[in-house]
Amino acid sequence: MATNTETESAVDRPIQPDFNRLTAQTVQAARERFQEVQVGRMERVRQILQPQQQTCLSMLPMLFHVHSNKLPGFVNDSTPHGILGYVPSENTVRLTHQYSRQFQFSQGMAGHRRDIVSVFLMGSPGSIAHNVRSDLDIWVCHRPDLTPEQLADLRAKADLIERWALGFNLEVHFFLMNAKRFSGGERETLTGEYCGSTQHYLLLDEFYRSGVHLAGAIPVWWFVPPSLEQQYDSTVERLFDESLLRPDEVVDFGKIDRMPMEEFLGAAMWQLYKGIDSPWKSLLKLLLLEAYAAEPRQNPNMLCHTFKNKVYDNALELNELDPYILMFRRIEAFLLRKQDQRSRLELARQCLYRKSGVALSRPASRSRATWRRDILEKLILEWAWSKSDIQVLDERESWGIKPALKARNEIMREFTQSYRTLTRFAQTQGGHSIMSQADMRVLARKLHTSFERKPGKIDILNEQIAPNQTQEKVTLHQLPSKERGQFLWAAYVDLVLASEQKYPPPLKHARGFLEVLLWCHLNGLLSGHLHVPVYSLRSNLSDFEVKELMSSLKHWQPYPLPSPSTNAFQAPARIEKIMVFVNVGVDPMAKLSKRGLQKISSRVDSLDYSALGENLVRTLDVVSVSSWQEVICTRYDSQDALVQFLQALFSQLRRQKGPLPDVDVVSYCASRAAATMKRVKELVHDMMRVFFGPEAKESTRYLIRIEQTFYLCQFHQDRFYAQPAPTVRHLYPLLAQEQPEFSPLVLDANAMLRHSGLKLILEAAKDGQIVVCYQAEKTHLSYWILDENATLFQARVVNHGVNNLLNHLYRFLRTVELRQLAQDDPTVEVELDLLARRRINFYEVRLSHNDKPAYLRPWPGGEDDELDARILQVLVHLDAKGKAQYTLYLQDEEFSSLVLGPELFAAVAEHILSFRRGGERYPAYITDVQLSDDIKARFPDGRAQTYHYLLYKQRIEALLNRYIVPKDDQNPTDDTEPGH
């Protein structure tokens, strides 16, 4: 027999409905319990919000229910509106009328339109993680049959309401949801807080456990008892068939009956992506993913199931149902089951505490939302935290740089470990990411930007970790490196040197001063500084230079560095702006000053300065900012620093798409800073115009001179080359390089100041034309030919008459043109009109004289006075070993190397001399050269340009004239330039 106590307890205990049966009683019980939780959470949301924010939140459903031009969010008369089953409260009507006196609400204003099924708060609202600064994510669930035009109007309406809410100091984000498509597994692209293509079940899990109902239909998921979860679809059908629920009063987002491995990798990447900006929440969610991964793939026990079980068990204590507390308890249990996870558990506790935004070391406010503080106080008792532990966390905004760096490293390490664990788990389980390629690309690019280390990259501290990093005592020191003769720069805060002058590990070190200064600036250490003490060993840095460098950095790239938009990651990274710092801490004229050369020289070009031709650009520190907000500082300090910079810059610009970056150049060094800065800036901008401007050609070349060395710059297969030539003689082979098409040669303004004649020749090149320049001396003739592709051919011959040589060259060049035309079109006929197709220009090079500048004088043409008017034609082909074989035709007589072997040219020379009166020993000129197809196949595009014919002509004439011209009169082979 039961005792009286037992009887009384049985009477007082509420009767638990039998949820294994679907009845009106069980459905009503489930409705009441979920609504009780919803009412409690909504009250907690309101407690946290400011009065004006509460007003805004109360009006939001009304703005989607009615569509009036007197209310915010009006788009047009056909815009979807009307919330299913929504009846605004008297308070909501009153607030709406107070906002717009012209608006009068009536129950029939929405008509029969019910385009909005339901509206939910999503995520942290009503939880311990929500505070007055939090934004609100709101799901607006619409009818599944809205047209694309209607959806566009609804999106526009939501955007207008978002902007309107900002006036109430409330940041809201609306997500348009199609419950039917969502429950069917369709995934959207990456948008805002939620990545549809990355997660489905995980997102649904979060919605079911954290969603707060604002208006419209309620989730049918509430009414499927835990014991019937595996029969979800049939249970929902029974609820409708037995009239326990009406289809128009619920919304169905679907079931969670499995946890597919395919979602883990994408979800992990998504949380890493979010963790870049919100590390505390993302780290908790990454740990939750690890805990989920330990669950069975089928019939998983996810947090939404835990939440539902508690509701059905009538355990309605809001603190225990708090979504973040549920999450933490699951993580805690998971980590406690594993060995050596105490440090990760401690980090998870810190994440929950920081995410709450409550500072327990400070006095409680008079807010009604004391429940958040109560929850945390109970938790820290469990965790055995001391007052000092709490105070350190609460003083995050005033943390020094060292604790901030330590916290950052811990978080990055945990992010990396969690991602590797989940990736390895997904791979071993045969899972793969179902994330769309577009979303995967965006995530991978942002992760790459945030986590990848590379030389010169400036790592930025997350403001969520330590918002204020201004330091009072920042000092920069130049220290000897472990590498012999090398030095480095290091940043310290509150450095106290011991007597033995031993330095502790620095906050940041780098090879160059500017990289360390930039790191301090972009991480906020110098935001309150006008001056930073600098201690150098070998540098010429002055207080003035340091101050100007700081000012330039702050003006050029203010702190904090802005976050890139998601749209930025949809395209490859491109450099958006560049700042070049010339000669930081270097006096480029220190040696010249000692010798007094800077005072007597008239040569003021900073790249070719003084009689010694000194390059005053000794070092370059180049800072670039990409469209992904990646900041990289690269130092160039070798003898060819400027050339290295140009090669790196233009190779990268060639690969990137979009507009060119803004490039600025500054210098504050001790000597000729302004002139050097101007020279570098003009050179870079001119080269960018030439290679990337609207008139740029693929094959363009650019010639510069730095000190004694010429550099011929050109792209080849998207790589930028700067070929050096220490003298003009070495420059000729570079200018003679074959080109696949016309290659304009642009000269830097100062490249040819010492070579005025050659400058005129090179600038005379014209697309599709031949330019022949000559200079006659008493005994020799020098001539230069720029062919149709602007390749330079140069030769020096014995002077047997200008007209004789130029007339011969004219005939030969016309014959070459016919050869090229025939190669392009084998059916072409040799007609006279073809001979005038290409223009051939002849000029005499006239050097400067008596203050008259050098110029090119057109050659009017001479008489046909060739010394030897006989036709000498050469056919060149290759034998089986690739050696050149020749067949020469003198008039109609044939001479072949196949027959005559090494005696070929001696035999031809003897035959030529036999025609000359008195056996005159002047040179023989080849009239025509024809190259075999196997030879032409070796040239670019299999096509011989005029330069190739000239080269073969020169070589064959040299072989032939050895037997005709006396040795003293044979052609010189040394390269030359006009006037030499």
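Scoring residue 856 on the criteria (1) modelled with pLDDT of 90 or more; (2) within 26 Å of residue 916 (Cα to Cα); (3) not charged (D, E, K, R) leaves a single failure, condition (2). Examine segment 694-716 for a residue that is aliphatic (A, V, I, L, M), out of contact with any Gly (no Cβ under 9 Å at 6 or more places or on another chain) and closer than 29 Å to residue 550 by Cα, and state whether such a residue exists. No: zero hits.
Among the residues making up segment 673-696, those that are crowded, with 17+ Cβ neighbours inside 10 Å, closer than 30 Å to residue 541 by Cα and out of contact with any Ser or Thr (no Cβ under 7 Å at 6 or more places or on another chain) are 680, 681, 683, 684. Inside segment 126-142, residues that are more than 14 Å from residue 175 (Cβ to Cβ) and either at pLDDT 95 or above or crowded, with 23+ Cβ neighbours inside 10 Å (or both) make up a count of 5.
Just for segment 107-122: of the residues that are hydrophobic (A, V, I, L, M, F, W, C) and not in a loop (DSSP other than H, G, I, E, B), which one is farthest from residue 248 (Cα to Cα)?
Checked segment 107-122; the qualifying residue farthest from residue 248 (Cα to Cα) is 122.
Among the criteria (1) surrounded by fewer than 16 Cβ atoms within 10 Å (Cβ to Cβ); (2) without any contact (Cβ under 8 Å) to a residue 60 or more places away in the chain, the one residue 655 does not fulfil is (2). Residue pairs whose Cβ atoms lie under 6 Å apart, separated by 6 or more positions or on different chains, with the first residue in segment 433-462 and more than 22 Å from residue 199 (Cβ to Cβ) and the second at pLDDT 80 or above and of a type in the set (D, E, K, R), are 449/630.
Pairing each residue of segment 283-295 that is of a type outside the set (A, V, I, L, M, F, W, C) with any residue that is at pLDDT 90 or above and not in a helix (DSSP H, G or I), provided the two are 6+ apart or on different chains, yields C-beta distances under 9 Å for 292/302; 295/302.
Of the candidates 294, 268, the single residue that is surrounded by fewer than 16 Cβ atoms within 10 Å (Cβ to Cβ) and within 13 Å of residue 425 (Cα to Cα) is 294. Among the residues of segment 90-113, those identified as under 18 Å from residue 53 (Cα atoms) and touching a residue at least 24 places away in the same chain (Cβ under 8 Å) are 91, 92, 93, 95, 96, 99, 100. Taken residue by residue, segment 526-540 has at least one member that is over 31 Å from the mean Cα position of the chain (by Cα), closer than 28 Å to residue 409 by Cα and β-branched (Val, Ile, Thr).
For segment 289-332, the set of residues classified as more than 22 Å from residue 35 (Cβ to Cβ) and assigned to a loop (DSSP other than H, G, I, E, B) consists of 294, 295, 296, 297, 299, 300, 301, 302, listed by residue number. Residues considered: 315, 333, 293. Of these, the only one that is farther than 20 Å from residue 379 by Cβ and of a type outside the set (D, E, K, R) is 293. Considering each residue of segment 629-640 in turn, at least one proves to be assigned to a loop (DSSP other than H, G, I, E, B) and free of Cβ contacts under 8 Å to residues at least 40 places away in the same chain. Criterion applied to 561, 541, 517 was being more than 16 Å from residue 630 (Cα to Cα), part of a loop (DSSP other than H, G, I, E, B) and either in contact with a helix residue (DSSP H, G or I) (Cβ under 6 Å, 6 or more places away or on another chain) or without any contact (Cβ under 8 Å) to a residue 60 or more places away in the chain (or both), and the one residue passing it is 541.
Six or more apart or on different chains, Cβ atoms under 6 Å: show the pairs whose first residue is in segment 926-949 and polar (S, T, N, Q) and whose second is in a helix (DSSP H, G or I). Pairs that qualify, where the first residue is polar (S, T, N, Q) and the partner is in a helix (DSSP H, G or I), are 946/816. Note on segment 739-770: residues that are out of contact with any Ser or Thr (no Cβ under 6 Å at 6 or more places or on another chain) and either surrounded by fewer than 16 Cβ atoms within 10 Å (Cβ to Cβ) or acidic (Asp, Glu) (or both) amount to 9.
Summed over segment 606-618, residues that are surrounded by 21 or more Cβ atoms within 10 Å (Cβ to Cβ) and in a loop (DSSP other than H, G, I, E, B) total 7.
Of the residues 966, 978, which is under 30 Å from residue 769 (Cα atoms) and at pLDDT below 90?
On inspection, the qualifying residue turns out to be 978.
Scanning segment 254-261 finds no residues that are out of contact with any Cys (no Cβ under 9 Å at 6 or more places or on another chain) and assigned to a helix (DSSP H, G or I). Quick one: in segment 723-737, of everything that is closer than 22 Å to residue 644 by Cβ and in contact with a Leu (Cβ under 6 Å, 6 or more places away or on another chain), which residue is surrounded by the most Cβ atoms within 10 Å (Cβ to Cβ)? Per the criteria, the residue is 725.
Within segment 281-293, is even one residue within 30 Å of residue 408 (Cα to Cα) and of a type in the set (Asp, Glu)? Full working, then the answer.
Just the residues of segment 281-293 that are within 30 Å of residue 408 (Cα to Cα), to begin with: 281-293.
Still in the running and of a type in the set (Asp, Glu): 290.
Yes, segment 281-293 contains a residue that is within 30 Å of residue 408 (Cα to Cα) and of a type in the set (Asp, Glu).
When 160, 154, 146 are checked against the criterion of being surrounded by fewer than 22 Cβ atoms within 10 Å (Cβ to Cβ) and either within 32 Å of the chain's Cα centre (by Cα) or assigned to a helix (DSSP H, G or I) (or both), 160 stands alone in meeting it. When residue 800 is tested against the conditions (1) out of contact with any Ser or Thr (no Cβ under 9 Å at 6 or more places or on another chain); (2) within 29 Å of residue 705 (Cα to Cα); (3) in contact (Cβ under 8 Å) with a residue 60 or more places away in the chain, the lone failure is (2).
The values are calculated or read from the model by the stated rules, or taken from the named source; none is laboratory data. Because the structure is predicted, anything quoted here is derived from the model rather than measured. A quick note on method: Cβ atoms are made from the backbone with ideal geometry, for glycine too, and the neighbour counts reach across all protein chains shown.
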